[in-house]
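Right, one structure below, let's go through it.
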Amino acid sequence: MDDRAHVLVVEDNELVSSALRILFESVNHRLSVAASLAETLSVAAQDPPDLVFLDLTLPDGDGLAAVKPLLAAGCRSIVVLTGHDDFETRQRCLAAGCTEVLVKPVPSRDLLAKSTTLLASRRSALQ
Amino acid sequence: MSRVDSATPRSPALDATTSDSRLAALESQLAAASAEIAELRARDALKTQFLANISHDLRTPLTAVITHAEILRDGILGDLTPRQLESIRGIISGGRQLLSQVGEILTYARGAANQLTLVPSRFAVRDVLEQMSALNESLLKKKRLVLSIDIEEGLPAIDGDREKIAHVVGNLLGNAIDFTPAGGRVWLRAGHAVAADCPSLLVEVGDSGVGIATEHHDLIFREFAQVDSTPSRPHHGTGLGLTIARKLVELHGGRIWVESQLGTGSRFFFTVPLRQAD
């Protein structure tokens, strides 16, 4: 059985998602990429992720619509990666149940450090 | 022979008709002008919205450029030679520079559309000045500039939007560094404003640099204005920095101004009203 941490990147821009794929695969996470709300809900139902990096502006709707189903499926942490740096967006994301809101582009080292911290609780639960 | 005397007074009925038609003409002109103003306002709002949208949309491809370059820089796909590393660092710095200019346009667009809101907290201005000094350390070192920080004893904490005050200080300090030749002096001071209507904090960002001619003191706070706007000008940027700084200071109920003359350095000041601690 593959016991690597499952990270889901929700991002409709292929140039950005390919960078995040290279980044997270380099630290041996199992990675899924969803480019729409529908794909996100499908991953949540079939293969619930441990950690999600969520874009808000998706071609078929608001990324926050996926937060409840993801949490219900057992996902522990949802980090929003957005181009919107305003206070209202931050409040809206936290109220919806997201763990944290980061404004793009987040330095790659910070993203890796963030995933390590957020997945630490999963590791200790597995041990 | 009869003749019409042009000096003969006209009948009151005729006068009323003339003034009615003049009134109607004025009303019609007023309506046309109002429609034109409404049209211009609508176009201005569209332009502002366009700036906000385009700034936001530019962040996504910039994110791709910067993140891919950072992956290479960090050796995730293998080690690089020192020259390759130097080149990659150039891509990252250029990308971050572009990003900060895009951010500036976005902040300007929000300010123009009155969409900027304050997120207040209580903080010590000393922390902001020291943070901005630390952030600019490498630039100061590169130009061999001496930076001093002087804060009045017992200055109370202020209630304001820390991030936005930091933005103002960062912008003024960035300009001071940019416009001061190597080996010069730059300083940050904070204290009570003496002549303000209400108790206020006064922050000064000064430099021993090239200075600004008196006739340009108003111009520099206007949007897109640069004293030297020729393509070969030595200092580049969006020309929005001081417009945004002014907007952010005014959002706090303060004011911003400059005291300077060509060749004598510049002193930028801004105030933020102090509210007594609860």
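The values are calculated or read from the model by the stated rules, or taken from the named source; none is laboratory data. Values in this document were obtained by computation on a predicted structure and should not be read as measured data. Methodologically, a virtual Cβ is constructed for each residue, glycine included, from the backbone with ideal geometry; neighbour enumeration extends over all protein chains shown.
Going through A:125, A:65 one at a time, which residue ends up being in a helix (DSSP H, G or I), modelled with pLDDT under 95, more than 14 Å from chain B (Cβ to nearest Cβ) and surrounded by fewer than 21 Cβ atoms within 10 Å (Cβ to Cβ)? Steps first, answer last, please.
Working: A:65 fails: modelled with pLDDT under 95.
From the options A:125, A:65, the qualifying one is A:125.
Among residues of segment B:56-73 being farther than 15 Å from residue A:103 by Cβ and more than 7 Å from chain A (Cβ to nearest Cβ), the one that is farthest from the chain's Cα centre (by Cα) is B:72. Could you list, in sequence order, the residues of segment A:13-35 that are more than 13 Å from the chain's Cα centre (by Cα) and not β-branched (Val, Ile, Thr)? The answer is A:13, A:14, A:15, A:18, A:19, A:23, A:25, A:26, A:28. Residue A:31 satisfies every condition listed in (1) more than 9 Å from chain B (Cβ to nearest Cβ); (2) outside any strand (DSSP E or B) except (2).
For segment A:82-104, a residue qualifies if it is touching a strand residue (DSSP E or B) at 6+ places or on another chain (Cβ under 6 Å), in a loop (DSSP other than H, G, I, E, B) and of a type in the set (D, E, K, R), and the qualifying residues are A:85, A:104.
No other residue among B:133, B:100, B:148, B:87 is without any contact (Cβ under 8 Å) to a residue 40 or more places away in the chain, surrounded by fewer than 19 Cβ atoms within 10 Å (Cβ to Cβ), away from chain A (no Cβ under 14 Å) and of a type in the set (S, T, N, Q) apart from B:87. Just one of B:107, B:117, B:81 is more than 12 Å from every other protein chain (Cβ to nearest Cβ) and not basic (Lys, Arg); which is it? Only one candidate passes the filter, namely B:81.
For segment B:151-181, filtered to residues that are without any contact (Cβ under 8 Å) to a residue 40 or more places away in the chain and surrounded by 14 or more Cβ atoms within 10 Å (Cβ to Cβ), the residue that is farthest from residue B:209 (Cα to Cα) is B:166. Of the residues making up segment B:255-264, those that are out of contact with any helix residue (DSSP H, G or I) (no Cβ under 9 Å at 6 or more places or on another chain), assigned to a loop (DSSP other than H, G, I, E, B) and surrounded by 13 or more Cβ atoms within 10 Å (Cβ to Cβ) number 1. Looking only at segment A:74-81, decide whether some residue is within 14 Å of chain B (Cβ to nearest Cβ), within 30 Å of residue B:103 (Cα to Cα), out of contact with any Cys (no Cβ under 9 Å at 6 or more places or on another chain) and not in a helix (DSSP H, G or I). Yes; the residues of segment A:74-81 include at least one that is within 14 Å of chain B (Cβ to nearest Cβ), within 30 Å of residue B:103 (Cα to Cα), out of contact with any Cys (no Cβ under 9 Å at 6 or more places or on another chain) and not in a helix (DSSP H, G or I). For segment A:34-48, state whether one or more residues are of a type in the set (Val, Ile, Thr), touching a helix residue (DSSP H, G or I) at 6+ places or on another chain (Cβ under 9 Å) and part of a loop (DSSP other than H, G, I, E, B). Scanning segment A:34-48 turns up no residue that is of a type in the set (Val, Ile, Thr), touching a helix residue (DSSP H, G or I) at 6+ places or on another chain (Cβ under 9 Å) and part of a loop (DSSP other than H, G, I, E, B). Annotation: residue A:41 fulfils all but one of (1) hydrophobic (A, V, I, L, M, F, W, C); (2) away from chain B (no Cβ under 14 Å); (3) in contact (Cβ under 8 Å) with a residue 40 or more places away in the chain; the unmet one is (3). Quick one: in segment A:73-98, of everything that is surrounded by fewer than 17 Cβ atoms within 10 Å (Cβ to Cβ) and in contact (Cβ under 8 Å) with a residue 12 or more places away in the chain, which residue is farthest from residue A:6 (Cα to Cα)? Here the answer is A:97.
Kindly indicate the residue of segment A:88-114 that is more than 8 Å from every other protein chain (Cβ to nearest Cβ) and among the small types (Gly, Ala, Ser) and also farthest from residue A:25 (Cα to Cα) among those meeting that condition. Only one residue tops the list, namely A:95. If we scan segment B:30-47, do we find a residue that is at the interface with chain A (Cβ under 10 Å from one of its Cβ atoms) and either small (Gly, Ala, Ser) or surrounded by 10 or more Cβ atoms within 10 Å (Cβ to Cβ) (or both)? No, that holds for no residue.
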